[in-house]
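Notes follow the structure.
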Amino acid sequence: MSNEVIVMKNISKQFKVLNRHEGLKGSIQDLFSRDYKIIKAVDDVSLTVNKGEIIGYLGPNGAGKSTTIKIMTGVLEPSAGEIFVDGRMPYKDRTANSENIGVVFGQRSQLWWNLPLIESFNLLRNIYLVPEKDYRNMLELYRSLVDLEPILHKPVRQMSLGQRTLSDILAAFLHNPGIVFLDEPTIGLDVSMKARIRELIRGLNEVKGTTVILTTHDMGDVDALCKRIIIIDKGRKIYDNDIEHLKSYFGSYRTLRMRLGDDSWVEQVIDEKKTDVMHVMQEMQKEHKIKDIQLQEISTEEVIRKIYEGGESA
Ligand SMILES: Nc1ncnc2c1ncn2[C@@H]1O[C@H](COP(=O)(O)OP(=O)(O)OP(=O)(O)O)[C@@H](O)[C@H]1O
Ligand SMILES: [Mg+2]
């Protein structure tokens, strides 16, 4: 069997949307208008994903990330190009495809709102015909990776956003799919919950060998989980390589912010390959009093800006 689980060749997706006019007169005008514009949400993207990879699929707002995931999951049919997910065309073979994938769209739960989580699990087990033994083993694995008890008997509607996200991820992996799509799973979560979610994803990927496609605006997610990243912007792929390659090309990912004696903040970009944070602080302390420090990850948006500035391409 081939190692390539997703193959996209020159995939495009266009949306035809009405060019809206303002005001009441405009709205009436729109009713009869044939004034359309074409949005190229995904524009001639080719990529290959290998079994077991965790891919960071990044890009600014409106770049086409979610549209790509909808094409991969068979929700949308591409306007042009070829796509194979485990050898199938997802939009033509939605049922078979859905048996082999799991999906989490951040903030939109796929679970039964009023049911305790364990009952949602039971329904999913029946829908996907998960053998009893596999189901038990999976729950066992879940217990080893997260603290299941506080959420297992809780209805989803009573859960915090973090608990719901955990539950959604567990539900997506329950039938042991080959590929799981996570569209912004850590959005809106606090630092410690983000860390738990990352650990869970990493654990499931390691034990089950699941391929994971992860979209996120959080460079911390990417740093913790992804060896390879693909970046799209305005529908076009602008980068596809190991994250280490990006780091070696651009150096640092962190900005050290220091609050001095007079309460002013100074910032210094740290190239972690060349200097370490402690050294920078010690140097600074020779001249100034440091009252507070913050260490900031640079955002995916900044990474993208740097790619353009550096003229680096995929
Ligand atoms: N159903 C639709 N009809 C019309 N336009 C759409 C539709 N879905 C997406 N678009 C447009 O396609 C482009 C890509 O949207 P998409 O949701 O894929 O971006 P994204 O990278 O997921 O962004 P975000 O980071 O904000 O989630 C945007 O310009 C969006 O407005
Ligand atoms: Mg999106």
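The values are calculated or read from the model by the stated rules, or taken from the named source; none is laboratory data. As the structure is a computational prediction, the values presented were derived from the model and not from experiment. We place every Cβ from the backbone using ideal geometry, glycine too, and count neighbours over all the protein chains shown.
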Review point. Among the residues of the range 57-74, which ones are within 13 Å of ligand 1 (Cβ to nearest atom) and touching a helix residue (DSSP H, G or I) at 6+ places or on another chain (Cβ under 8 Å)?
Key: TYR57, LEU58, GLY59, PRO60, THR73
Practice item. Could you tell me whether VAL75 is closer than 30 Å to LYS208 by Cα, under 18 Å from the mean Cα position of the chain (by Cα) and either in a loop (DSSP other than H, G, I, E, B) or acidic (Asp, Glu) (or both)? Key: yes
Review point. For THR216, all conditions in the list (1) under 30 Å from HIS279 (Cα atoms); (2) within 16 Å of ligand 2 (Cβ to nearest atom) hold save one; what is the number of the exception?
Key: (1)
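Let's see how each residue does on (1) in contact with a His (Cβ under 6 Å, 6 or more places away or on another chain); (2) surrounded by fewer than 18 Cβ atoms within 10 Å (Cβ to Cβ); (3) at pLDDT 95 or above:
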site: ALA80; (1), (2), (3): no, yes, yes
site: ASP86; (1), (2), (3): no, no, no
site: MET89; (1), (2), (3): no, yes, yes
site: TRP113; (1), (2), (3): no, yes, no
site: PRO116; (1), (2), (3): yes, yes, yes
**Study point:** Test: ALA63 is outside any strand (DSSP E or B) and more than 13 Å from ligand 2 (Cβ to nearest atom)
**Key:** no
Point to revise | Count - residues of the range 241-264 that are surrounded by 12 or more Cβ atoms within 10 Å (Cβ to Cβ) and either part of a strand (DSSP E or B) or at pLDDT 80 or above (or both) | key: 10
Check your understanding: Going through the range 169-192 one residue at a time, which ones are farther than 20 Å from VAL49 by Cα, over 14 Å from the mean Cα position of the chain (by Cα), modelled with pLDDT of 90 or more and outside any loop (DSSP other than H, G, I, E, B)?
Key -> LEU170, ALA171, SER192
